[in-house]
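What follows draws every value from the coordinates through simple rules; no lab data is involved. Please read all numbers here as calculations on a predicted model, not as lab measurements. Cβ placement follows ideal geometry from the backbone for every residue including glycine, while neighbour counts extend to all protein chains displayed.
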Amino acid sequence: MSGQNLSAKIAGTGMAVPAKVWDNFKLATMVETSDEWITQRVGIKERRIAEDNEYTSDFSTKAALQALERANMTADQLDLILVATSTPDMVLPNTACFVQKNIGAVNAAALDICSACSGFIYGSAIAWGMIKSGIMKNILLIGVELNSRILNWKDRGTCILFGDGAGAAVWTACDASEGGMLGVVMGADGNYADLLTLPNSGCRKYPEYDGTYITMHGNETFKQAVRTMNECALEVLEKVGLKPEDVDLLIPHQANIRIIEAVQKRLNLPPEKVFVNIQKYGNTTAGTIPIALHEALDQGLVKKGDILLMDAFGAGLTWGAFVMKWA
Ligand code: UT7
């Protein structure tokens, strides 16, 4: 396999979420909200919350081991570990290094990707590029977030939206005739950086914020989410020469059920072709798509030859989508 014939497919997936569940009724005891409002306006019923002694690398490691097992691969076969997260254990060293140690991936390089909810798309593009160019063969990509650590639990505009969890996928080289990744688009617009931020999380200090927690302009973020997700889904389909009706399953970023429904309508897809699990986990940021993919596989919703469309947007703004033929 070389050159044009070389592509990448996902050989195995895994997921790990905290055991602790907080439903909407629990949140209604913390801020002025209700199960009815959250269910109708966002589509979430409950989310997972990590214990104080559970860390991003713990969930990443569990998801990684499951993905390796399902890929029928050992950790020493990995060339690279990518961890897409905005909530690393610490900034230095990166979380990918902790995972590398935990799973014994002695031959792997380690890199974190900080692109918020688009992290799994960006990471898949990097994995595909590295594999397609022949530089690497097997790449573990993890999308993970411990949002509970960076939420203002007094702000009902944000704290009801997010949850904790990790999803993992092992990308491996394949012959393009088998299928695998067909194409990807990615984009960003830093002019919208203010819409969704985590001030005081880096070396720049913001005294107007008395801590480190997510700030968001919900309405504007919503509009940009619908716009960017619609645009990049259509763009990537056009790029690979497919039409919305060719898609067997759309796995969108799970931020708000109304955003997902807007994309579904724009692509004119029936509801059964759109995977939704936001009701169980909320928005796990970089974790939503790999967790959803893992659950879709477990539920038997994906078969060989199916066309899958992954579509995301996030802080930055960043956005991206890719199409793959399941192999
Ligand atoms: O991965 C990227 C992450 N971010 C997103 O994707 C978020 C995108 N934005 C959204 O999902 C929505 O904008 C929200 C769910 C955040 C808010 O929904 P909305 O329909 O845009 O509500 P709104 O901000 O326009 O507020 C409507 C009303 C307001 O009350 P008034 O002014 O009409 O009296 C809010 O104060 O709803 C109120 N409200 C709430 N009420 C109960 C806002 N949050 C809550 C809440 N519970 N949690």
Review point. For segment 64-128, what does the alpha-carbon gyration tensor say about shape, rounded, prolate or oblate, given a ≥ b ≥ c as the root eigenvalues, a/c under 1.5 as rounded, and a/b over b/c as prolate?
Key: oblate
Revision key, fill the gap. Residue by residue through segment 164-173, the couplings from Karplus 6.51 cos²θ - 1.76 cosθ + 1.60 with θ = phi - 60°, in Hz, x for Gly and Pro, are 10, x, 9, x, 9, 9, 9, 8, 9, 5
Practice item. Could you please rank LEU146, LEU140, LEU301, placing first whichever residue has the fewest other Cβ atoms within 10 Å of its Cβ? Key: LEU301, LEU146, LEU140
Check your understanding: What nm value, rounded to one decimal, do you get for the distance between VAL21 and ASN5 when each label is placed 7 Å out toward the C-beta?
Key -> 5.0
Practice item. Return the sequence-ordered ³J(HN,Hα) values of segment 252-266 in whole Hz as given by the Karplus equation 6.51 cos²θ - 1.76 cosθ + 1.60 applied to θ = phi - 60°, using x for Gly and Pro. Key: x, 4, 9, 10, 7, 4, 6, 5, 4, 5, 5, 5, 4, 5, 4
Study note, to complete from the structure: Connecting every pair of Cα atoms under 10 Å apart in the chain and solving the GNM, the largest mean-square fluctuation among THR285, THR56, THR74 falls on THR74
Review point. If we restrict to alpha carbons, what Rg and Dmax does segment 195-327 come to, in Å?
Key: 16.2, 53
**Study point:** Local electrostatic count, ILE121, Cβ distance below 13 Å [Lys/Arg +1, Asp/Glu -1]
**Key:** -2
Study note, to complete from the structure: Kirkwood Rh over alpha-carbon pairs of segment 3-177 plugged into Stokes-Einstein at 20 °C, 1.002 mPa s gives a D in µm²/s of 126
Practice item. Sort TYR209, TYR192 so that the residue with the fewest other Cβ atoms within 10 Å of its own Cβ comes first and the one with the most comes last. Key: TYR209, TYR192
**Study point:** Residue-wise HN-Hα coupling along segment 69-80, computed from phi with Karplus coefficients 6.51, -1.76, 1.60 (Hz; x: Gly, Pro)
**Key:** 4, 5, 7, 6, 9, 9, 4, 6, 7, 6, 9, 7
